[in-house]
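*Asks:* Pasting a structure below so you can have a look.
The values are calculated or read from the model by the stated rules, or taken from the named source; none is laboratory data. This structure is a prediction, so every number in the text was calculated from the model and none was measured. Heads up, the Cβs are rebuilt from the backbone with ideal geometry, glycines too, and the neighbour counts pull from every protein chain shown. Keep in mind that these areas ignore ligands, DNA and RNA; they rest on the heavy atoms of the full protein, side chains included. Shrake-Rupley method; radii C 1.70, N 1.55, O 1.52, S 1.80 Å.
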Amino acid sequence: MGLRSKLLWLACLSRFLFLMVGSEVHYYNFVLREKNFTRLCSTKSMLVVNDSFPGPVIRVHKGDTVFVNVHNEGYYGVTIHWHGVKQPRNPWSDGPEYITQCPIEPGTNFTYEVIFSTEEGTLWWHAHSNWTRSTVHGAIVIYPIEGTTTPYPTPDGEEIFILGSWYVGNINALVLEDLKTGASAPESDSYVINGQPGDFLPCSQDSTHRWVVDFGKTYLVRVINAAMNADLFFGIANHNITVVGMDGSYVKPIINDFIVISPGQTMNLLLTANRSLGHYYAVARQYDTDQSFFNGFDDTNATAVLMYNGNYTAPDVPLFPSNLPAYTDNNAAYKFIGRLRSLASKDYPANVPLNITTKMLITVSMNYLPCPNASCAGIDGNMIATSLSNMSFVNPSTDLLLAYYRNLSGIYSTDFPNWPESFFDFTADDLPLNTTIPTQGTRVKMLNYNEEVEITFQGTAVLKIPQNHPMHMHGYSFYVVGSGFGNFNNETDPKNFNLVDPPEVNTVEVPKNGWVTIRFKANNPGVWFWHCHFERHLDWGMNTVMIVKNGGTPETSIRPPPTYMPPCRPPSLAWPKDFNDSHEVKKVYERK
């Protein structure tokens, strides 16, 4: 071993030992049970964690480990996913239902081991069983390692804004009915900020979330988009915000008066309270790109109120952010997204893979499945579907991780392709009929350990339904090296890739009628879910699984499974197909 190699090895060992010495172990108990909540003048029972909506905040330092014991006192099976946490070599605690585990059944519990590694900033946790995440979610705050600081001045305080969706009815029951009939999924009745619709919605004014600030102080604002099916604009009246982090990584500071944030994404913002003493609305509203398909969208404006401390006469009405973009302002959204860059500094380098061994082009499409005699409630009497490279994913009867680990046959196939079966003008207005009907199956992509991978997600206009798609990758973050509109050109577009300071994220927006290219190194062995974070698109099949094989040593291989994993039932029992509300599910389990 040469001197340079020895020095590099010693530096890595010192860093590893520093992380090990500085890391801590935390313990949380999550109790899932039904509780009544009233919003929009209506009361309903819904599943939440520790009786709160949103659920509890997990606070850790970089490199810590958390054990979360989840007790399911609800009426149906559920799992929890730690969104954006890489879980090195530990897919057993990643959480997506029927991918890495089976549901935690009512009356049982399961302990997750959540291993933090390189993440720093804000992430979140949520249920990964059907639409239960609409009420089961919460923030994860990751502070720097003890004794280190952030790359920006330490703020005077912080605030968390979780942007979510509210449904007046029992959303799981409504979605099940739509899946049976092939119809579109329900639109939310309002958006919420920290569980509250805000001043503009009925019966909501007294419960609007309020945030009190002191003049002259700077605050870190952690924003999480937990909405089910919507990109959101977010801004605070008369206040500029500085974006400093995204998806558990730092970014070059961006000063703006709003952000656009996709479902699954998180952003860290700095806000200096330097305006006239008063009240100011923080507002979240939908950024909508699918007007051609759905009859409408949730056009509510969810609000919270920023209030200054001090002696002044409170205004009758807080100021509204006049520069917040309109619902369909594509230019504003894309201009903001195009400014995102990683910090790419000495302390926070951008390790963009340069020696690509696997290239993939994956088309992202809306589709339909034919129904006999046009008997379904979807497009032209058919059943709505979605696909990646014209393949619509089907959940297996047992979890894929267990099947892979035990080398069980017949559960999945390894033939997810690197390229679409056929090439055409993906964004044309009139596409051939053979692009509308996908194949169905449980197909996965196999990768060797340490492969350097480049994936281009190509949006399509199949069925004349082009729209954005927020694609989320479990077990990894990745670099967004390029994006554009129209069809990806493999000859010219790579010449404009940003290989210097691309943003590092875990969820990326595929633009409407456009493409986005990402890169990552496959150095985390395991079974990892890839899916659109619009819940309706996930349900309809816009998913696949990436299996990263073990390396050549125990340290580069999947850890052994824990002593207990939730046992598997057929998927229909994990999410019963014939209930009208959760109390009916309770009766089913009581009879067993």
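*Asks:* So what does L408 come to for accessible area, using a 1.4 Å probe and Å² rounded to 10?
*Replies:* Solvent-accessible area, nearest 10 Å²: 80 Å².
*Asks:* Does region 402-537 classify as rounded, prolate or oblate by the C-alpha gyration tensor (a ≥ b ≥ c root eigenvalues; a/c under 1.5 gives rounded; else a/b over b/c gives prolate, otherwise oblate)?
*Replies:* Judged from the Cα gyration tensor, region 402-537 comes out oblate (a/c at least 1.5, b/c at or above a/b).
*Asks:* Note down the net charge around W125, summing +1 for each Lys or Arg and -1 for each Asp or Glu among other residues with Cβ under 13 Å from its Cβ.
*Replies:* Around W125, the charge tally is 0.
*Asks:* List every DSSP H helix in the chain whose Cα atoms extend 27 Å or more along the helix's own long axis and whose mean Kyte-Doolittle hydropathy is at least 0.5.
*Replies:* The qualifying helices are 3-22.
*Asks:* Jot down the per residue volume, in cubic angstrom and as a whole number, of the convex hull over the alpha-carbon atoms of region 72-215.
*Replies:* 173
*Asks:* Label points 7 Å out from Cα along the Cβ direction at D316 and F200: separation in nm?
*Replies:* Inter-label distance under the simple model: 1.9 nm.
*Asks:* So, one more: Largest first, what is the accessible-area ranking of S375, S413 with a 1.4 Å probe?
*Replies:* Ranked list, largest accessible area first: S375, S413.
*Asks:* Could you work out [θ]222 nm for the chain from helices alone, using -39500 (n - 2.57) per DSSP H run of at least four and dividing by all its residues? Round to the nearest 500 deg cm²/dmol.
*Replies:* Only helices count here, giving -3000 deg cm²/dmol.
*Asks:* Hey, another quick one. What full-extension length gain, to one decimal in nm, is calculated for T181 and D429 as 0.36 nm per residue of separation minus the Cα-Cα distance?
*Replies:* Details: separation 248, 0.36 × 248 = 89.28 nm, distance 2.75 nm.
Fully extending the segment from T181 to D429 adds 86.5 nm.
*Asks:* Now, a different point. Net charge near M391, counting Lys/Arg +1 and Asp/Glu -1 over other residues with Cβ under 13 Å of its Cβ?
*Replies:* 0
*Asks:* Which percent, nearest 5, of DSSP beta bridges in the chain are antiparallel?
*Replies:* Roughly 70 percent of the beta bridges in the chain run antiparallel, per DSSP.
*Asks:* Continuing with the same structure: Got a sec? What order do R559, R39 fall in by accessible area at 1.4 Å, biggest, i.e. largest, first?
*Replies:* Numbers: R559 60, R39 25 Å².
From most exposed to least exposed: R559, R39.
*Asks:* State the percentage of accessible surface on the chain attributable to carbon and sulfur atoms; use a 1.4 Å probe and exclude ligands, DNA and RNA.
*Replies:* In the chain, the share of accessible area belonging to carbon and sulfur is 51 percent.
*Asks:* Count the net charge of all other residues whose Cβ sits under 11 Å from the Cβ of P151, scoring Lys and Arg as +1 and Asp and Glu as -1.
*Replies:* Summing Lys and Arg as +1 and Asp and Glu as -1 gives 0.
*Asks:* Here is a follow-up. In Å², and per residue, what accessible area does region 161-261 have when probed at 1.4 Å with the other protein chains present?
*Replies:* Result: 29 Å² per residue.
*Asks:* Related question: Compute the length gained on full extension between T154 and T563: take 0.36 nm times their separation in residues and subtract their Cα-Cα distance, giving the result in nm to one decimal.
*Replies:* 143.0 nm
*Asks:* Let me ask something additional. Using a Förster distance of 25 angstrom, determine the FRET efficiency expected from the C-beta separation of K359 and H26, and round it to 0.05. Numbers along the way, then the final one.
*Replies:* Values: r = 40 Å, r/R0 = 1.61.
E(calc), rounded to 0.05, equals 0.05.
*Asks:* Let me ask something additional. Which stretch or stretches of region 422-455 have amide N atoms under 17 Å from the point lying 7 Å from S413's Cα along the Cα→Cβ direction?
*Replies:* 422, 437-446
*Asks:* Ranked by accessible surface with a 1.4 Å probe, highest first, in what order do R89, R59, R406 come?
*Replies:* R406, R59, R89
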